[in-house]
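Here the structure comes first, spelled out in structure tokens, and everything after it is commentary.
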Amino acid sequence: MNVKLATPLSESDVRSLHVGDIVFLSGTIVTARDAAHKRMIESIRSSRPLPINLKGGVIYHCGPIVKREKDRLTIVSAGPTTSMRMEPFEPFIIERLGVRMVIGKGGMGKETVKAMKRHGAVYAAFPGGAGVLAASKVSCVLRVEWEDLGMPEALWVLKVESFGPLVIAIDSHGETLYRG
Amino acid sequence: MRWAENFEEAVVELLRRSVSTLPPDVKSALEAALKRESEEIARIQLEAMLENIRMAEEKRLPICQDTGILHFRVRLGSSANARTVRDVILKATAKATREIPLRPNAVDPVTGINSGDNTGLHVPWIDFEHSEDDWIEVTVLPKGGGSDNVSTIRFVPPSEGLRGVKEAVVDAVLRAGGAPCPPVVLGVGVGGGASVVMQLAKKALMRPISERNPNREIAKLELEILEAVNGTGVGPMGLGGKTTAIGVNVEVAHRHPASYPVAILFNCYVARRAKIRMYPNGEWLFC
């Protein structure tokens with residue numbers, strides 16, 4: 001099934017999705033990798049405010065190439081990174097921040113599958129390495145947070161238009177397309 | 001001086017080509033994979049991959065945002081010395097990072113600080129080979145992190161021989177799943193000892209996937225491993241399908257009687273490599 005969705009995502013938006021569905025997403029997504037996940041969790045645990053709101057939000061496992069010319073930020077290439085590295089952090093993030101969709105590549109582990117079922121979230125795979133294709137779906141960089149972590153690890157808040165093809169590879173019913 | 005300036009420009013262009021285009025052998029293998037694929041999700045992956053490659057070539061932008069850790073191999077002719085070549089490659093790398101741009105991928109393992117320009121302790125890594133020719137040749141292999149993370153070395157029981165090699169590779173592919181961005185290219189080293197075998201695997205990755213090892217037995221092994229890997233069903237991006245690898249290259253060295261090391265280096269489907277030749281008069285060309 002081909003689906004068009006817009007952020008923020010509701011629980012019923014994601015509960016209606018099943019593995020194998022193809023989604024094109026419009027709205028706001030936030031990139032986050034290992035270092036950003038770790039800092040988010042440290043912030044939550046020590047009750048420090050986060051610079052982003054992820055309620056109904058979308059996390060994109062991606063470390064983009066960003067070009068900075070004067071005040072203008074342009075996404076040059078922005079395909080997904082290996083999601084499995086975020087496995088130790090993601091269940092907590094989904095539970096505490098209300099994330100509804102995680103975009104990445106290669107799939108995630110059992111704990112994330114469980115958390116997605118329990119809290120209502122999905123994992124969507126963007127074709128790996130397709131950096132220019134992904135960048136062509138980004139209409140602008142809304143802002144950047146935690147840039148001290150370095151370009152690949154910062155939180156890039158992106159406005160996207162028909163971002164995809166996204167394959168629902170883990171759904172909120174405990175199903176996954178990955179074997180093993 | 002003029003020579004060094006031309007050389008620097010040539011290395012910047014080498015880097016630009018290496019990250020924004022794919023060698024013809026890799027591209028045609030991906031096209032062939034799409035032709036024989038019947039699973040819809042696998043086809044969607046392969047179509048997006050090929051569309052992205054076309055877009056990157058047209059815009060001269062990095063195919064993948066992970067422009068890798070840079071690994072150079074320099075065939076040093078009689079007209080240049082290693083130190084000058086090294087200095088120029090470092091300058092060109094920093095310049096290419098700003099201009100193309102490349103993603104800054106050199107992180108200090110102690111402080112966690114990204115150097116910002118892809119240079120740092122021992123990176124880019126440069127291997128030198130010597131030759132009597134007056135020209136020099138520079139090959140670059142920008143290799144992404146996702147495929148490196150699942151690369152591995154195994155010591156198979158010597159009594160198992162080549163069968164053990166094949167089983168080790170298939171096992172590594174199954175463990176890796178979708179993480180290395182399949183359909184992958186596999187560089188396999190056999191023999192030589194723990195440190196040599198990784199070098200062999202890297203050498204294997206520098207060979208076009210359309211070329212077989214000149215030794216007939218090893219050429220046969222390459223095809224057998226390819227078939228076995230594609231029988232796993234891991235498929236493009238680990239989402240299932242007919243093609244899990246588009247190429248398997250094997251390089252061997254004699255081994256210790258007690259030891260049978262096998263190195264398995266994964267490269268993602270964005271299997272980038274590019275080469276230039278530079279003459280003493282400052283002229284250069286891609287080859």
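A short reminder: the numbers here are calculations on the coordinates, not readings from a lab. Predicted model, so just to flag it, every value in this text is computed and none were measured. For neighbour counting, all protein chains shown are included, and Cβ atoms are generated from backbone atoms with ideal geometry for every residue, glycine included.
How much length is gained if the chain between A:T74 and A:E87 is pulled fully straight, taking 0.36 nm per residue apart and subtracting their Cα-Cα distance, in nm to one decimal?
1.8 nm
State which entries of B:K35/B:K275; A:K70/B:K59; A:K137/B:K143; A:K70/B:K27; A:K105/B:K27 exceed 32 angstrom in Cα-Cα distance in the structure shown. Let's see the in-between values first.
Values: B:K35/B:K275 29 Å; A:K70/B:K59 22 Å; A:K137/B:K143 25 Å; A:K70/B:K27 37 Å; A:K105/B:K27 21 Å.
From the list (B:K35/B:K275; A:K70/B:K59; A:K137/B:K143; A:K70/B:K27; A:K105/B:K27), the Cα-Cα distance tops 32 Å for A:K70/B:K27.
Provide the net charge surrounding A:E42, with neighbours chosen by a C-beta distance below 13 Å and charges set as Lys +1, Arg +1, Asp -1, Glu -1. Write out the running numbers ahead of the final one.
Numbers: positive: A:K38, A:R39, A:R45, A:R48, A:R96; negative: A:D34.
That sum, taken over residues with Cβ under 13 Å, equals +4.
Going Cα to Cα from B:K95, which lysines come in below 17 Å? Please leave out same-chain ones fewer than 8 positions away.
Leaving aside lysines fewer than 8 places away in the same chain, those within reach of B:K95 are A:K67.
On average over all directions, what projected area in square nanometres does the range A:2-170 have, based on the convex hull of its Cα atoms?
That works out to 8.7 nm², a quarter of the Cα hull's surface.
Please average, across the residues of B:51-63, the number of beta carbons from any other chain that are within 10 Å of each residue's own beta carbon, and give a whole number.
Average per residue, whole number: 5.
Any chance you could check the Cα centroid distance between the range B:82-118 and the range B:224-287 for me, in angstrom?
25
At 222 nm, what value in deg cm²/dmol follows for chain B if DSSP H runs of at least 4 each add -39500 (n - 2.57) and the sum is divided by all its residues, to the nearest 500?
Rounded to the nearest 500, the figure is -13500 deg cm²/dmol.
Okay, helix-only estimate at 222 nm for chain A: each DSSP H run of n ≥ 4 adds -39500 (n - 2.57), divide by all residues, round to 500 deg cm²/dmol; what do you get?
Here the helix-only value at 222 nm equals -6000 deg cm²/dmol.
Return the aspartates and glutamates within reach of A:K4: Cα separation strictly under 20 angstrom, same-chain partners fewer than 8 residues apart disregarded; answer none if there are no such residues.
Answer for A:K4, where 20 Å is the Cα cut-off: A:D13, A:D21, A:E161, A:D171, B:E40, B:E47, listed by chain and number.
Rounded to whole Hz and in sequence order, give me ³J(HN,Hα) for the range A:114-122 from the Karplus expression 6.51 cos²θ - 1.76 cosθ + 1.60, θ = phi - 60°, writing x for Gly and Pro.
5, 5, 5, 5, 5, 9, x, 8, 10
Averaged across the residues of A:103-114, what count of C-beta atoms belonging to other chains lies within 10 Å of each residue's C-beta?
2
Label points 7 Å out from Cα along the Cβ direction at A:K67 and A:D148: separation in nm?
3.0
What do you get for Rg/Rh of chain B when both radii come from the Cα atoms and Rh is the Kirkwood radius?
Result: Rg/Rh = 0.98.
Please work through chain B and write down the cysteines that have no neighbouring cysteine Cβ at a distance under 4.7 Å.
B:C64, B:C287
Can you tell me, using C-alpha contacts under 8 Å and at least 6 residues apart, the relative contact order of chain B as a whole percent? Don't jump to the answer; show the numbers that get you there.
Details: 610 pairs, mean separation 74.7, N = 287.
After rounding, I find 26 percent.
Among A:L50, A:L17, A:L133, determine the one that fluctuates most according to a GNM of chain A built with springs between C-alpha atoms less than 10 Å apart.
Sorting by GNM fluctuation, first place goes to A:L50.
Picking from B:A253, B:A204, B:A33, which is most flexible by a Gaussian network model of chain B using Cα springs under 10 Å?
It is B:A253.
Using the Karplus curve 6.51 cos²θ - 1.76 cosθ + 1.60 with θ = phi - 60°, work out ³J(HN,Hα) for each residue of the range A:42-52 in order, rounded to whole Hz, and write x for Gly and Pro.
4, 5, 4, 5, 9, 6, 8, x, 8, x, 9
Could you pull out every residue, at least 5 positions away or on a different chain, whose amide H is within less than 5 Å of the one on A:C140? Hs are placed 1.01 Å off N in the peptide plane, and Pro or chain starts have none.
Amide H to amide H, under 5 Å and 5 or more residues apart or across chains, A:C140 pairs with A:K159.
Given the options B:E224, B:E132, B:E31, which has the most mean-square fluctuation in a GNM of chain B, springs set between C-alpha atoms less than 10 angstrom apart?
Result: B:E132 has the largest fluctuation of those listed.
Where does each of A:151-160, B:170-179 land if you order them by average Cβ count within 10 Å, highest first?
A:151-160, B:170-179
What are the aspartates and glutamates whose alpha-carbon lies under 15 Å from the alpha-carbon of B:K91, with same-chain residues fewer than 8 places away excluded?
By straight Cα distance, B:K91 reaches B:E5, B:E8, B:E9, B:E13, B:E99, B:D117.
Can you classify the range B:43-108 as rounded, prolate or oblate using the Cα gyration tensor, where a ≥ b ≥ c are the square roots of its eigenvalues, rounded means a/c under 1.5, and otherwise it's prolate if a/b beats b/c and oblate if not? List each step's numbers first, then the result.
On the way: a/c = 2.68, a/b = 2.11, b/c = 1.27.
Prolate, since a/c reaches 1.5 and a/b exceeds b/c.
If packing is taken as the average number of other Cβ atoms within 10 Å across a peptide's residues, how do B:80-88, A:68-76, A:25-33, B:190-198 rank, most packed first?
By packing density, highest mean first, the sequence is A:25-33, B:190-198, B:80-88, A:68-76.
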